[in-house]
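I have placed the structure first, in the form of structure tokens, so that the comments after it can refer back to it.
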Amino acid sequence: MKLVPAALAILLAGSLTALAHDVPTEVAKSPPPGAFKAVSSLVKLPDFLPGMGQLFVDPASLPGGPFLAYDHDGALVSTIYMLPVKDLNPDKRFEDLAAPGGNVDHVDVYYNAGHPGVEEPHVHVVLWHVAAADEAKVAQ
């Protein structure tokens with residue numbers, strides 16, 4: 001089970017150049033425009049999740065995302081995808097994972113057993129738009 005997230009991280013790390021682009025002003029601060037809704041208004045989760053931030057998603061893109069994550073000051077910190085473990089196989093491809101939040105500094109991939117909104121086991125693919133030291137902005 002540990003090999004799947006590691007392999008996905010290596011694959012995504014090699015794709016960072018393709019993911020990087022400038023931060024659009026409309027998503028730089030919360031709340032984002034258009035179809036994006038606060039995740040806490042869609043499922044039973046708190047407004048702010050330590051380690052992730054305040055999440056917004058277009059409900060039509062559930063369960064995978066992208067989810068836009070903001071710090072306590074409303075600044076965008078990451079774009080998150082939630083990919084079902086059952087789909088992590090040779091027959092399924094995850095191409096063109098957009099980074100609507102802009103340039104990607106680094107990527108984290110980790111397993112989650114499930115939570116409200118995405119109940120099945122999945123991996124979080126976190127495209128960080130801030131330096132690793134700035135992840136502390138969403139730690140608490």
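The C-beta contact set for region 122-140 (first residue farther than 29 Å from Asp87 by Cβ, second residue β-branched (Val, Ile, Thr) and in a strand (DSSP E or B), distance under 8 angstrom, 6+ apart or interchain) comprises Asp134/Val77; Lys137/Val77.
Give the residue that is nearest to His129 (Cα to Cα), with candidates limited to residues of region 77-109 that are in a strand (DSSP E or B) and open to solvent by 20 Å² or more (accessible area, probe 1.4 Å).
Across region 77-109, the extreme among qualifying residues is His106.
Contact annotation: residue pairs with Cβ atoms under 7 Å, 6 or more positions apart or on different chains, pairing a residue in region 86-98 that is of a type outside the set (D, E, K, R) with a partner that is part of a loop (DSSP other than H, G, I, E, B), are Ala98/Pro66. Of all residue pairs spaced 6 or more apart or on separate chains, those with beta-carbon atoms under 6 Å, a first member in region 50-72 that is open to solvent by less than 10 Å² (accessible area, probe 1.4 Å) and a second member that is assigned to a loop (DSSP other than H, G, I, E, B) and of a type in the set (A, V, I, L, M) are Ala69/Met52.
For residues in region 12-44 being among the hydrophobic types (A, V, I, L, M, F, W, C) and over 16 Å from the mean Cα position of the chain (by Cα), which is modelled with the lowest pLDDT?
Ranking the qualifying residues of region 12-44, first place goes to Ala18.
The values are calculated or read from the model by the stated rules, or taken from the named source; none is laboratory data. None of the values given here were measured: they were computed from a predicted structure. Glycine also receives a Cβ, built like all others from the backbone with ideal geometry; neighbour counts cover every protein chain displayed. Quick note on the areas: whole protein, heavy atoms, side chains included, nothing else; ligands and nucleic acids left out. Shrake-Rupley method; radii C 1.70, N 1.55, O 1.52, S 1.80 Å.
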